[in-house]
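S.K.: Attaching a single structure in structure tokens format; questions to follow.
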Amino acid sequence: MRKYSILSLFGLLLISLALSSCDAEMKGDFNANQPPNTFLTVNEINLPEGDRLVSQVNISWWGDDPDGYIVGYEFRIGDDQTEPWTFTTRTDSVFVLPIEEGNMDADVRFTVRAIDNDGDVDPDPPSLLFPIRNSPPVIAFRSNETPPDTTYRVFSFGWNASDPDGDANLNRIEVALNDTTEWQAVPTNISFLTVRVDDTVSPATSQVFFGRALNTTDLQFDTININGDNIFYVRAVDNAGAISPVVEHEWYIKEQTSRILFLNDFQGGNSASRAEFHLGLLEQVGITQVDFIDISDGAATGGNRVLFSQAFPDRSLAQPTINTMLAEWDHIYWISDNLDRNIGYALEITLNFFENGGTMFINIPTKNVPADNPIFQFLPFQRMESLPTGQQSFFIANQSQIIPADDLPNPPTLTFRRNLLPYYPVIPFGETVELFEANFQLRAAVTGAISEFDGSKLISATNPDESILFFGIDLTEFTAESDLARLLEITCTEILGFQQ
């Protein structure tokens, strides 16, 4: 007879009951989904009488779901129930609440509702009324992004605009030239424009470019005063129609009358007379009309480069403004008394000028300049000659003559009127086109004795494409009988192609 324990019998009984229950029918109802609840972090706004919030506000909220989880939220701004809801998964955001154009104050309702994982929304979403007040925007010209006292055809303006209610509340920038009854709209993402004037027609017209990339626009000004004072106005307008105080800049626009620009960078009391001397030489070769910019302000001291001339736009505007401006001329005649003056900036401000086929004549006396000076990236030679040990200076003797290159047709006779000590000969590149030499000698440091020098004696050359011609002796260092007119005829008209 098989024996069973009490525990075994009890286990069999439980299995039997479980199997019989599988055949029983499950009865009851599933619970319906419950909608989520939404809560604003701030339930009420209490301000002192007369006080209001700015229109840019930070609003936060949260939600929960009794039988699921929150997948997102929808919010609506305003009392219009037909306005669509906007979905977000965020629980806070910065809003610029709208104020109807022309009004300063508004009470704007914000409503938010949670959405659960079954797609149900809070049927009774919370809302809050925000009492707001619009503040007018502000605008100011950026430092150094306005024209100098006088310009020719090209000028630029840069500004910063902001709104106390948030920059998203800015609607547009408005600009005008001389006539504030004709404001023109500029997008708020633009804070820099350049104007190119066409003064070959009367009245003058213009083209406006946006940004430093000179993007073309449909804007234009037809209220330009050529050879007169001009005032540029700018203001900001916000979404409520509030207008910033107007800022303005006044300067003089000069008519361009020639294809040649004369840059006078000769500093000191002789500046005007030196410019007149060169202008007289140009007249002798038939160039009677040039445009003129005096860039002789500031002083180059201690071997340091002079501060960039204030007659140009600020150096930070080399591109696009100064490059665009100088490209209006076909030829530049540049004089100076020192290689440490503005010629050191020429490389960065004449890119467009040379890309457009421009040519340049430069008359600056040579001197001892370190080999790493930036002028050697621009001028048509690689460095200055070095003085041999024990020598005090290079020396050019009174009554000696310039030595022209063998292939120069009908070269001029140029005779030195006095002994010259501070000048240095230049060392050409392999492709430098050599034009003139001087009979450089050496002066001993102790005895002052003069001896021959067998190195480079070059003082004038051009680059290979003959777009830059450098002459390294001040033209006033030659006798009155010297044929300086023929020198300019060869250099400026025959080689560089100057035409007025």
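S.K.: Out of all DSSP beta bridges in the range 260-495, what portion is antiparallel? Express it as a percent rounded to 5.
M.R.: 55 percent
S.K.: In what sequence do SER127, SER393 fall when counting other Cβ within 10 Å, fewest first?
M.R.: Least to most surrounded, the residues fall as SER127, SER393.
S.K.: In nm, to one decimal, how far is the modelled label at ASN419 from the one at ARG196, with both set 7 Å along Cα→Cβ?
M.R.: In this crude label model, ASN419 to ARG196 measures out at 5.5 nm.
S.K.: Still on this model: Can you give the angle from 0 to 90° between the axis of helix 6-21 and the longest principal axis of the chain, with both taken from C-alpha atoms, to the nearest 10?
M.R.: 80 degrees
S.K.: Still on this structure: Using per-residue counts of other Cβ atoms within 10 Å, averaged over each peptide, order 194-201, 80-87 from highest down.
M.R.: Those peptides, ordered most packed to least, come out 194-201, 80-87.
S.K.: Relative contact order for the chain: what percent, with Cα pairs under 8 Å and sequence separation of 6 or more?
M.R.: So the answer I get is 10 percent.
S.K.: Moving on. What's the FRET efficiency of ILE231 with VAL94 using the Cβ-Cβ distance as r and R₀ = 35 Å, to the nearest 0.05?
M.R.: Efficiency at R0 = 35 Å is approximately 0.40.
S.K.: Which order do ASP330, ASP265 fall in if you start with the one that has the fewest other Cβ atoms within 10 Å?
M.R.: By the 10 Å Cβ count, ascending, the order reads ASP330, ASP265.
S.K.: Which order do VAL96, VAL42, VAL54, VAL234 fall in if you start with the one that has the fewest other Cβ atoms within 10 Å?
M.R.: The order, fewest Cβ neighbours first, is VAL42, VAL54, VAL96, VAL234.
S.K.: Something else about it: If you stretched the chain out fully between THR447 and THR257, how much longer would it get, using 0.36 nm times the residue separation minus the C-alpha to C-alpha distance?
M.R.: My answer for the length gained is 62.9 nm.
S.K.: Amide H neighbours of GLN392 under 5 Å, at least 5 residues apart or on other chains, H built in the peptide plane: list them.
M.R.: So GLN392 has HN proximity to ARG443, ALA444, ALA445.
S.K.: What residues from the range 48-78 fall in the zone where the backbone N is under 16 Å from a label point 7 Å along the Cα-to-C-beta line of ALA168?
M.R.: Hits in the range 48-78 for ALA168 at 16 Å: 54-61, 74-78.
S.K.: Also, I was wondering about something else. What are the ³J(HN,Hα) values, in whole Hz, obtained from phi via the Karplus relation 6.51 cos²θ - 1.76 cosθ + 1.60 with θ = phi - 60°, for each residue of the range 460-474 in sequence order, with x given for Gly and Pro?
M.R.: 8, 7, 10, 6, x, 8, 6, 9, 10, 10, 10, 10, x, 10, 4
S.K.: Could you tell me the convex hull volume per residue, in Å³, taken over the Cα atoms of the chain?
M.R.: Once divided by residue count, the hull of the chain is 379 Å³.
S.K.: Set the Förster distance to 51 Å, then compute FRET efficiency between TRP85 and THR493 from the Cβ-Cβ distance, nearest 0.05.
M.R.: 0.10
S.K.: Quick one: length gained pulling THR150 to GLN289 fully straight, 0.36 nm per residue minus the C-alpha distance?
M.R.: 48.2 nm
S.K.: Quick check: pseudo-label points 7 Å beyond the Cα along Cα→Cβ at ILE45 and ARG109, how many nm apart are they?
M.R.: 1.4 nm
S.K.: I'd like to know how the range 243-344 sits against the 2.2 N^0.38 Å rule of thumb: what's its Cα Rg over that expected value?
M.R.: Here the answer is 1.24, to two decimals.
Values in this text are rule-based calculations from the coordinates and carry no lab data. As the structure is a computational prediction, the values presented were derived from the model and not from experiment. Positions of Cβ are backbone-derived with ideal geometry, glycine not excepted, and every protein chain shown enters the neighbour counts.
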